[in-house]
Structures are given as C-alpha cells and as structure tokens.
Amino acid sequence: MLRIESLTRRFGDQTILKALSLDVPEGDVACLVGPSGCGKSTLLRLVAGLDRPDGGQIRLGETTLSAPGWALEPHKRRLNMVFQDYALWPHMRVSQIVGYGLRHMTRADRDARVAHLLKLVQIPHLADRLPSQISGGQQQRVAIARALATDPDILLLDEPLSNLDVQLRLEMRKEFSELFKAVGKTVLYVTHDPLEACAFADTLVVMREGEIEQMGSPESLFAEPRSAWIATLAGYETRMEGELTEISGRDRVGVRIGDQLMELPRRHIGLGRTGRAVVMVPSAAISLADDAGRGRPGTLKGQITHCLFEGRGWRVVIDIEGQPLSLNSTRRFAPGGWTTVHVDASAAAVFPQ
Amino acid sequence: MADIVHPVSAARTGLGQRRALLKAEDWLGLIVVAALVILVLAPMATVIVQAFVPGLFSGQANQIGFSGLGEVFSRPLWQRSLSNSLFLATSAAVIGGAMGTGLAIVRANSRMVLGPALDVAAWAIIVLPSFIIAQGWILFASRGGIANNWLGLSFVPDLVFNPWGLAVVMSLKAFPFAYLTVTAALQWRMDDFVHAARLCGASRLRVFTTIQVPMVLPAVLSGTALIFIDVLGDFGLPAALATTYRFPTLTYAIYVAINQSPIRFDLAGVLAFYVTAIMLLAVMSYFWVLRNRRYDFLGGKARLQGGGGSRLALWPNVIALLALVITIVVPIGSSALVSITTRIADGLAPANLTLEHYAFVLDTGGAFLSALRTSMGIAIMAAIGSGIIAAAAAYVVTFSDFRLNRLIDLTCTLSLAVPGVVLGIGYIFVWNSPFLDSLGLSLYGKPAILILAGIAGAVPIAVRVLLGAMAQVPASMLSAAALQGAALPRRLMTIAIPLVAAALVSATLTAFGSAVFDLAINSILRPPRLDVLPVYVNRAFEQGQFGAATAATLLAGTLTILIIMLARLAAGLAISRLWSVQPRRAKGARHAQD
C-alpha cells in the first residue's frame, strides 16, 4: 500500500500541495488527473524522491519514504518512473539503457532480463540502437522497459503519452491496459486527459490547486461528477446558468433559464431549494427536438448563432436566453433561425453556483 | 503500526538530524563550497580585511583603521599608479569597446572572406597572455625596434610610448571582449523590428539610433565592462614595459611592493584592496546600468544573420585585414622576427637571420627546459584540478537544490574579475599566515601554491563553460539514473560527465593553456630558485635578451598548442567512439533475437 499523509509542498509563497492524503492499494492503477499546475507532477516527484516535502509523509508498506525536509534518496527506493520526455541517455544503446539498473546481476542474467523486457514491450530488434535512431513511440517503449527492469514496487508514469501523435496515443492506451494487467504492479499515472486514464485506471484522482477534488472509479466519476469543474473535465461541455425553482418531487429539481424551465434529477448533495445553479450537459445528450417534442419538459427554445462544419458533421451553436449551447448535427442550419432542443435530463448534472 | 525503517528515524536530533537532511548532492555542494573558500573566498577575504588591519596576516600588524587606505594619497607612486590604472582601463574600455563593436557590425553585415579569420583572431587574442602581446609591441615600436630600424617609421616610438598610445595597445589586446559579445548579439536578424520602425515612418538613421543600437546596447556594455576589468587587472603590459617606458599601474605597484626591499605585504594588500574595490564597483555599475535591460527579441521567426554583399567586397575585407595586421600580425610577427634575428639593429637581411636564440634557450644550463617542464607540470595539475572542481560546481548548481548554490554561482562569477596579482596577494596572506605556519600548512614558497592559484584562476571560466553544457542536459536524465538505483558517483560518471565531455575537455584545456603562461601568479607566488616559464621569458626580456625571450615564448607556445591539439584530438576520438552512431551487436541483442 502506498500511503500519502497530509503531504504539503511549497515553492516560495505558493503552496503546490495542500496537506494532500491518498492511499493506493497494492496492485492498483491510480491515475492523477488535473490541469497544468494542479500539483500532480509535484506529487509524483515527491513519491519518486526527486523532491522533499515541507509537510506530511509518504510511506510504502512499512517503509517511510519521505518526511518533512527529508527524503530517502531516489536510488534507495524500490520504485521506478517513466518520464514525460522519456529521459533516455543519448550516449547509450537501448540494451545498455534498459540494463542500467541491473548492475547487481551477472552479465548473463542481466542480458536475459533485458531481452525479456524488450520482448515484453515489443522492441527486441532495437537493442543495439541509440535513442536518436528510434521513433518517439519506440523511445517510450524503451523508457517503460527501463522502468520495469528493476522490478519496482511502484511504477510511476508522468504523462508518458503526451509526446505521441493522436493515433499512437490511442493504441498505447490499449497496450498500457494490457501491460499493467500483465505486470501487476502498483501504478501511479499522471495525465491531464481523463479519457486516457479511463482506459486502465482502477482509481481516478482528480486534482485541483494542490488538493484532491474527487476520487473514485472512472465510472463513478463520469456518472456523478462532484462539481461543475469536474463535470467539465469529464466531458460535460455545455454549461448553462439559471435559478433554482421549487417543483414537486424530492429527487428532482427545477432550473429556470430565463423564461424557460428545465427539470433535472437532484444529484448534488449541497444543492439547496433556491439560489443560482449551474447545469452541465454532455453534447451527446443534446439533440434537436422534432415537432412532436416541442413544448414538452426538457426542451428549450433558442436562436441559432453559428453553424460550424467539423468534418463529419456540423456543430450548431444555439443561444438559449443569452447562453450558448452546442450540439452535433448531420444537417446545416442557417444562423438566425429559431429551433428547439431536447436535453436528456438523466445525463445532465446540476451544481450550486 | 509497524516500525518505520527509514535510516534517520532513530537519529532525529542534533548533528544526526542535520546530517540526515543532507543528500549526496548536498555533500558534493559542501565540498565545492569548501574548495571555493580555500581557493578564492578566503584569499579575497584576507585582502579586504587586511586593508583595514594592515599587516594582520603578514606579521606586520598595525592598528585597525583607514590609515593604510589613506596612504594612496600620500605616496606619489601610488597616486600615479591609481590614476594610470584608471586612465588605462577607462580609455581602453572606450576605444576597445568602439573598435570591437565596429568590427562586429562590419562582420555581421558582410559575407567577407576574412570574417572567419577575424573570429579566430579574436579568440586567439583573448587566450594569448598580455605580456607576450605587449612584448611584441615593444619590439615593434621602441626606438631600437622593428618599426624604426627596419621600416624607417621614426614617429612610431613617440606615437606608442605615451599614455594614449598605451591605451590603444591595451585596446588592441582587449577589444575581442566587445567584438565577441556584440557579434553574439548580432547573430540573429532583427528584420521585423526594423521593418516595423520603417513602416512607422522612421528613416534609416533613426532606425539605427532608436532600434538597432539600443537593442545591442547590453552587449556593447557587457563588452566594455569586460575590457575595463581586464585592463585594470592586467599585469602583462606594465611588466613588459618596465625597462622601456615608466608607466606604473596598481598591479605593478603591488608586484614592486613585494619584490623590493623592504618587502611590504601590508602595502601590497592595501593596493590589492583598491583594485578589488574598483573591480566590484565596475561590476556593480555594469549590473545597475543593465537593470531592466533584458531584451528577449529572439522569436520563432528569428533567422541567422547571413550578412550581405560579395565575399570579396573591398571595404569589409580591408577593414578586417587592417584589424588582423594591427592586433595579431604586428605583435606576434615582431616577436617571431626578433626570435630569428641576430640583432634588430642590423635589419631584415639574410645574414642577420639565425636560429641561435632557439639553440641558446634549449642549451644554456637547461634553465628554459626546466622552467618549461615545471610550468607544464603545474598547468596540467591546475587544469585537472579546475576541471574536477568546475564539473562538481556546475553539476551542483544545475541539478541540485543545494542551499549554497547562489554562493557558488556568485563566487565563480565575481572571481572572473579578480586579477591574478590580487589573488596572489590573497594567497600570500592565507598561506604565509602565522596561523597556518603554526599548523605546518604554510604553502608560500612551495610549488603547490602555484597549482592552487592556477586552479583558482581557471575554475571561474571552466564553470561558465560547463554550466552552459549542463544546462542542455535535462534533469530527468539524472533522475532516471537515480531511480535505476545509481548513486551520485555513478550518476556523475555514467550520465553527467559523458554528456558534457566535450565541454569538460575544452574547459580543462583552456585552463591548461592559461596556466602555462600566467605571469602574474607566477611572478608573485613563485618559490625562490624555482624556474617557471613566464618568469623566465619576462626576465630574459627585462635583461634585454629579446631573441631568447621571443624564442622561448614561441617554443613554449608551439608546444602548448600542440599538446592542446593532441589532447583535443584524442578526447574527440574518445567522445565520438562513445557516441558512435553505427549500430554494433551487443549481447543483449543476441539474447533478444534468440
């Protein structure tokens, strides 16, 4: 079990991590998700021992890895890391890079382990190459093989896919999922893309401004985001603001947007009976209402302001009481016209503003 | 709850706790700081303290006060030395700054064929010891010199041997500082800025004065400040001039104070304080002038300045040729000619050509060979020492959060401005102090002090070179090695050093080259009866043995260049082998393919 207790890290006046606590059970894949500057990479560096905390501690099983002002040096920790830039030593060959941490082994054992790992990451033919002679995707595989070589208790990955093109990134998600299952290690994975994390995470840890905003399985996080900010991160692209209105039914809530009323499920615990509220909706849950649907609950009327071609279809932007709402359509619409949209209330979320 | 097993849990008090807080990099940092204290900070501190307590470190102690500092106003020689030094440094900064800037502008705006030669010459002049260039000028311009005797240019002696003439000679030695800084600033084209100004209606002249000049002003000021510092601390020119033209400077007055009876270390210390204070004042003024003058004008659209016109364009090539002749050909050529001439007065005739000076220095009593051997040995050790310390310092500053990093950086930067003479005086105060003497650690009068001073002189430049190289190595490469289980020594030897090997070789060889010919350090700290090369050459020159002095200079210079070239070649081969791009079969690959 990796246990992080009240971890604090400051740089000058700025507090990057604010007494953050987190437990990662052995064998779990935990993904730290959040925007740039939220402290996720700092947390990873502290776990790796590349930085010292100002407060709190990090423990791995029964061993304390870091305490305030003190850190067990990285080379004495039983963990390894895949760096964002891969950090492959340019003067060494792939086999030397992967075998670098295996100095304690006999030559034969080391060679065998290197060969096994290169086979595991599907690049046995590149053993003799220098980093400059292989592609970005291959470099990443070398970095993974090197990190696995020392048989670490924890594998740390710092945005390892960020330097790859979109196609390769999608392929690597699948491979990571298989790899993590195969090696069975505790994994701490940093990314700013929640969709990437969903492919293999047991736990998603959403971080914001040095604190954990929400933590749980990917399914729970996507289904029930705890704040409008997390909803944005989870793909709830449309945001509308309105006034809470009393309606019948304890598990439902009414939100008045201008003159129009939306009825939505009451999910947020802190949501009151009145006051300002934010409605978050994924684009996929918004559709153009047919004639029969107009005027029914869950429909909103608005004026088309933009119609943008996006390759496979059109993105239609509709002004609803002064607030933009967008949906995907296979048809083109002329800006200026009025239309009615249907919002799937079960997919929407309401938060206090 | 299970027991905590980290190594410090049991010893969280007192010294144990403080030690536990130190990482391996911190220990390395402490070693670097200790080395800098011994090599630079302690000697410089003694110079400053000694100015207020004259004789404190030399057993000639007086009362605490400003009496020593006030003496500069009561001693005519000191007054003249101070005013001469300030005049020489200021005028050379202005003349050399203008010359360097002008040549850099010509270089940047032309594709002239002599451009690369100008670049090489600028570096060569910086590396060449000033006393050798000054000796060359004396051989050319003195009454009995080449200009008067061979070329019939009788006006040259009067033209050169006056304060302004000497200022020009110093400018010719120091102008490369301005040339190189301004050339670097002009390396990238600023077309967009110029075009924007032109589209606002500015004339070419207004664009030049309001856009182009202000944008390179920081570089010009940098170059000018470096010239001022270099000339103020220079010892070579006054040493070479000693027998020809009386023009005392502060550095030479320091040398005189400790080489004339009665030996007055305390007075030398006061003068050294003045030099240090002026240096610091110059550096601080420079930083003050440059405050808020950081121009980040390099953008994604920046292009390398290519220059224009034909490679054989007349004026740029004529200007470059003139600069090369005056700055390199005249002084070095004069020395070379004198080394193969029986008597200068007999003119350039076949009968007057000889190799007897070379035979003389190689034969007579072995003094030259002994001096050469000693200086080479000292320079090799100083180069290795400075390479190790500079590599450690640059590593700590670049890759660690050691608390004294700023002190290391500041010490290395400021000590760039410390002249050899001042450092030498500081070394006398430290290594000749009664305290160290009582501990049996008095190194004054022993060859080891020359090695220490050589290291101290070379470390600042070596650190600058290595900081640049290490800045290009991502920290993640060292972190990755640490996570593979590599402790600091292995990280250094297998990752950091191989990645900056070329820069380390350059830094070490530069240190070697400058230590061989360091006249100031050798003149002040040389143990009695120890033959060292710069002193051998300077003494021969003082005694009027110009042929022997120049022959010794050229022999030693050629040997030094050969050693540097061979070492660079060998290192280059080793590095290229390390970085070989040809795939080779490795055991791991065979296993992988099994």
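The values are calculated or read from the model by the stated rules, or taken from the named source; none is laboratory data. Just so you know, these numbers come straight off a predicted model, no measurement behind them. Here the Cβ is made from the backbone with ideal geometry for all residues, glycine too, and neighbour counts use every protein chain on show.
Kindly provide the set of residues from region B:86-114 that are part of a helix (DSSP H, G or I) and farther than 30 Å from B:ILE521 by Cα, ordered by number.
B:ALA98, B:THR101, B:GLY102, B:LEU103, B:ALA104, B:ILE105, B:VAL106, B:ARG107, B:ALA108
Among the residues of region A:25-52, which ones are within 16 Å of A:ARG3 (Cα to Cα) and among the acidic types (Asp, Glu)?
A:GLU26, A:ASP28
Any idea which residue in region A:68-77 is surrounded by the fewest Cβ atoms within 10 Å (Cβ to Cβ), counting only those that are outside any strand (DSSP E or B) and facing another protein chain (nearest Cβ under 9 Å)?
Within region A:68-77, the subset outside any strand (DSSP E or B) is A:68-69, A:72-77.
Imposing the further condition that a residue be facing another protein chain (nearest Cβ under 9 Å) reduces the set to A:69, A:72-77.
Values: A:GLY69: 12, A:LEU72: 20, A:GLU73: 15, A:PRO74: 27, A:HIS75: 19, A:LYS76: 15, A:ARG77: 23.
Here the residue is A:GLY69.
Is it the case, given these coordinates, that A:HIS91 is modelled with pLDDT under 90, over 30 Å from the mean Cα position of the chain (by Cα) and more than 7 Å from every other protein chain (Cβ to nearest Cβ)?
no
Residues in region B:562-580: is at least one facing another protein chain (nearest Cβ under 9 Å), at pLDDT below 90, surrounded by 17 or more Cβ atoms within 10 Å (Cβ to Cβ) and more than 26 Å from B:LEU533 (Cα to Cα)?
no
Based on what the data block shows, is A:ALA48 at the interface with another protein chain (Cβ under 8 Å from one of its Cβ atoms) and either surrounded by 22 or more Cβ atoms within 10 Å (Cβ to Cβ) or modelled with pLDDT of 90 or more (or both)?
When the stated conditions are applied, A:ALA48 passes them.
Which of the residues belonging to region B:375-414 are of a type in the set (Asp, Glu) and part of a helix (DSSP H, G or I)?
Within region B:375-414, B:ASP409 is the sole residue that qualifies.
If you check B:GLN79, B:GLN60, which single one turns out to be outside the structural domain of B:VAL182 (by TED's automatic domain parsing), surrounded by fewer than 21 Cβ atoms within 10 Å (Cβ to Cβ) and at pLDDT below 90?
Values: B:GLN79 fails: outside the structural domain of B:VAL182 (by TED's automatic domain parsing).
Just a single option satisfies the conditions, and that option is B:GLN60.
Go through region A:222-236 residue by residue and tally those that are assigned to a loop (DSSP other than H, G, I, E, B), within 12 Å of the chain's Cα centre (by Cα) and buried (at least 20 other Cβ atoms within 10 Å of the Cβ).
Residues that pass the stated criteria total 1.
Scan the helices (runs of 4 or more DSSP H) fully inside region B:115-219 and keep the ones with 2 or more residues being surrounded by fewer than 17 Cβ atoms within 10 Å (Cβ to Cβ).
Those helices (runs of 4 or more DSSP H) span B:115-127, B:156-160, B:163-185, B:191-199, B:204-207.
Return the residue satisfying two criteria in turn: it lies in region A:128-152 and is in a loop (DSSP other than H, G, I, E, B) and within 12 Å of another protein chain (Cβ to nearest Cβ), and of such residues it is nearest to A:GLY27 (Cα to Cα).
Within region A:128-152, the match that is nearest to A:GLY27 (Cα to Cα) is A:PRO152.
Which members of region A:153-162 meet the condition of being within 11 Å of chain B (Cβ to nearest Cβ) and surrounded by fewer than 19 Cβ atoms within 10 Å (Cβ to Cβ)?
None; the set is empty.
Against the definition (within 12 Å of chain B (Cβ to nearest Cβ) and within 26 Å of the chain's Cα centre (by Cα)), how does A:ASP165 come out, yes or no?
Details: within 12 Å of chain B (Cβ to nearest Cβ): no; within 26 Å of the chain's Cα centre (by Cα): yes.
No, not satisfied.
Among (1) crowded, with 21+ Cβ neighbours inside 10 Å; (2) closer than 18 Å to B:SER476 by Cα, which single condition is A:LEU65 missing?
Unmet for A:LEU65, out of (1) crowded, with 21+ Cβ neighbours inside 10 Å; (2) closer than 18 Å to B:SER476 by Cα: (2).
I'm told A:THR64 meets every condition in (1) without any contact (Cβ under 8 Å) to a residue 60 or more places away in the chain; (2) facing chain B (nearest Cβ under 8 Å); (3) in a helix (DSSP H, G or I) except one. Can you identify the failing condition by its number?
Exception for A:THR64: condition (3).
Condition test on A:GLY56, is it surrounded by fewer than 21 Cβ atoms within 10 Å (Cβ to Cβ) and in contact (Cβ under 8 Å) with a residue 60 or more places away in the chain?
Values: surrounded by fewer than 21 Cβ atoms within 10 Å (Cβ to Cβ): yes; in contact (Cβ under 8 Å) with a residue 60 or more places away in the chain: no.
Against the criterion (surrounded by fewer than 21 Cβ atoms within 10 Å (Cβ to Cβ) and in contact (Cβ under 8 Å) with a residue 60 or more places away in the chain), A:GLY56 does not qualify.
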